[in-house]
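Data block below; observations after.
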Protein chains: 2
Amino acid sequence: MQIAIALYERFTVLDAIGPYQTLSGIPDAEVVFVAERAGTVRDDSGRLGLVADKTFAEVPHPDIVVVPGGPGQSDQMENESLLGWLRTADTTSTWTTSVCTGSLALAAAGLLKDRSATSHWLALEELERLGTRSTGQRVVFDGKYVTAAGVSAGIDMGLALVGRIAGDERAQTVQLMIEYDPQPPYDAGSPEKAPAHIVSMFRDRSRFNDEEQEGAKA
Amino acid sequence: MQIAIALYERFTVLDAIGPYQTLSGIPDAEVVFVAERAGTVRDDSGRLGLVADKTFAEVPHPDIVVVPGGPGQSDQMENESLLGWLRTADTTSTWTTSVCTGSLALAAAGLLKDRSATSHWLALEELERLGTRSTGQRVVFDGKYVTAAGVSAGIDMGLALVGRIAGDERAQTVQLMIEYDPQPPYDAGSPEKAPAHIVSMFRDRSRFNDEEQEGAKA
């Protein structure tokens with residue numbers, strides 16, 4: 001059971017680590033981090049480097065594909081190396097999955113056409129524009145395509161997928177091992193629950209970034 | 001606000017990434033991954049390498065110290081390089097923190113004597129043996145010492161600490177950004193909640209490992 005987690009410059013680390021820390025619990029899981037080039041790939045803050053041990057070309061046919069998101073949507077949506085690998089890997093994968101705005105890469109690669117999927121709450125409209133039926137759910141299964149909402153949702157997705165692949169008991173074992181009994185000190189984890197002015201602040205900033213990107217292209 | 005996250009061979013990745021992904025949201029946070037030697041440090045499965053950008057010696061006085069755990073308790077408890085750095089850094093730190101069995105390193109360094117602390121549920125007895133008052137709580141504050149339970153508890157700790165340092169609103173902003181609205185597909189994240197036979201399996205395996213280690217030392 002080969003599980004390939006894709007890295008690219010400016011990815012968000014927890015997007016990758018949530019699935020990693022859970023899917024590794026599948027019996028005979030052989031996880032490999034892959035990128036366009038082998039070596040260090042820096043995250044969205046530049047403060048952390050993860051090592052891709054293999055190139056995309058060296059891992060063309062994993063059983064499970066995982067693509068994390070990142071704040072610069074063009075980093076994943078216009079990354080032809082990543083999109084090409086996703087298209088190839090998807091032809092033979094058992095599961096093709098994403099966390100956060102990783103679903104924008106799957107959609108940009110043409111893999112989510114008319115499928116149900118999710119993404120970071122700020123990216124749901126963009127996901128719709130790409131021809132995908134976006135839902136606000138935390139984890140969405142549509143055939144072999146599994147997408148998770150923002151960042152931390154990859155933990156929930158990973159556990160759900162371990163359950164599908166290896167059974168409930170194995171998933172519970174993984175959950176107990178990582179002591180995933182969440183007790184967030186605040187209840188602000190979704191736009192429906194967070195204070196309205198914080199949600200607005202994100203939406204305004206996101207809109208500004210969109211306009212800035214459009215401006216840069218024009 | 002310099003935040004140093006310690007790495008050592010066979011650490012558990014999510015232990016480090018939970019605090020990283022949350023504490024990075026503190027205004028003016030400057031996070032740095034440190035280890036005995038700069039360069040790649042492999043995690044507990046060997047499948048993932050994280051890059052330590054600085055050596056312990058180069059970062060002697062961070063404001064916040066974070067030490068993750070790992071399954072090989074001797075890796076952290078008998079790691080003199082790590083323990084020495086923890087003692088030095090603790091003399092000037094504002095907060096000294098751990099996730100999972102990272103608290104065993106803090107205790108082995110002599111920093112948790114007679115303090116309340118927590119750890120991975122399988123390590124609570126060991127924590128007691130080291131002269132610490134172990135609690136089963138998910139996140140424990142005792143003065144400037146903050147310890148989290150197993151693996152995923154570092155996310156809750158990170159958010160709680162962001163709240164203490166930068167205020168509730170900033171912590172809620174971080175929570176919304178990482179969409180931390182947990183919806184685990186199972187309810188098996190603590191020994192009280194998981195099926196009893198899964199809990200027993202872990203305890204038996206842990207006891208076996210202890211005896212094996214004792215045998216190896218004898």
Residue pairs within 7 Å by beta carbon, gap of at least six or interchain, first lying in region B:155-170 and in contact (Cβ under 8 Å) with a residue 40 or more places away in the chain, second among the basic types (K, R) and surrounded by fewer than 19 Cβ atoms within 10 Å (Cβ to Cβ), listed first then second, are B:V162/B:R170
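Quick one: would you say B:D75 is within 14 Å of chain A (Cβ to nearest Cβ), within 20 Å of B:L127 (Cα to Cα), surrounded by 18 or more Cβ atoms within 10 Å (Cβ to Cβ) and charged (D, E, K, R)? Walk me through how you get there before you give the answer.
Values: within 14 Å of chain A (Cβ to nearest Cβ): no; within 20 Å of B:L127 (Cα to Cα): yes; surrounded by 18 or more Cβ atoms within 10 Å (Cβ to Cβ): yes; charged (D, E, K, R): yes.
Spelling it out, it is not the case that B:D75 is within 14 Å of chain A (Cβ to nearest Cβ), within 20 Å of B:L127 (Cα to Cα), surrounded by 18 or more Cβ atoms within 10 Å (Cβ to Cβ) and charged (D, E, K, R).
Can you name every residue in region B:172-190 that is part of a loop (DSSP other than H, G, I, E, B), at the interface with another protein chain (Cβ under 7 Å from one of its Cβ atoms) and either surrounded by fewer than 24 Cβ atoms within 10 Å (Cβ to Cβ) or without any contact (Cβ under 8 Å) to a residue 12 or more places away in the chain (or both)?
The first filter runs over region B:172-190 and keeps only residues part of a loop (DSSP other than H, G, I, E, B), leaving B:178-190.
Cutting the leftovers down to at the interface with another protein chain (Cβ under 7 Å from one of its Cβ atoms) gives us B:178-186, B:188-190.
Selection gives B:E179, B:D181, B:P182, B:Q183, B:P184, B:P185, B:Y186, B:A188, B:S190.
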Note to self: Could you go through region B:6-28 and let me know if any residue there is more than 11 Å from every other protein chain (Cβ to nearest Cβ), free of Cβ contacts under 8 Å to residues at least 40 places away in the same chain and over 20 Å from B:G143 (Cα atoms).
What the structure shows: yes
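Got at least one residue in region A:133-155 being more than 21 Å from the chain's Cα centre (by Cα), farther than 29 Å from B:D168 by Cα and modelled with pLDDT under 95? Steps first, answer last, please.
Step one: of region A:133-155, the residues more than 21 Å from the chain's Cα centre (by Cα) are none.
Checking region A:133-155: not a single residue is more than 21 Å from the chain's Cα centre (by Cα), farther than 29 Å from B:D168 by Cα and modelled with pLDDT under 95.
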The one condition A:F141 fails out of (1) within 14 Å of another protein chain (Cβ to nearest Cβ); (2) buried (at least 24 other Cβ atoms within 10 Å of the Cβ); (3) aromatic (F, W, Y) is (2)
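Considering only region A:145-156, I want to know if a residue exists there that is surrounded by fewer than 21 Cβ atoms within 10 Å (Cβ to Cβ), charged (D, E, K, R) and assigned to a helix (DSSP H, G or I). Break it down into steps so the answer makes sense when it comes.
Of all residues in region A:145-156, those surrounded by fewer than 21 Cβ atoms within 10 Å (Cβ to Cβ) come to none.
No, region A:145-156 contains no residue that is surrounded by fewer than 21 Cβ atoms within 10 Å (Cβ to Cβ), charged (D, E, K, R) and assigned to a helix (DSSP H, G or I).
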Any residue at all in region B:89-110 that's more than 20 Å from B:D44 (Cα to Cα), within 14 Å of chain A (Cβ to nearest Cβ) and either modelled with pLDDT of 95 or more or surrounded by fewer than 19 Cβ atoms within 10 Å (Cβ to Cβ) (or both)? no
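The values are calculated or read from the model by the stated rules, or taken from the named source; none is laboratory data. Note that this is a predicted model, so its numbers are computed, not measured. Ideal geometry is used to build each Cβ from the backbone, glycine not excepted, and the neighbour counts take in all protein chains shown.
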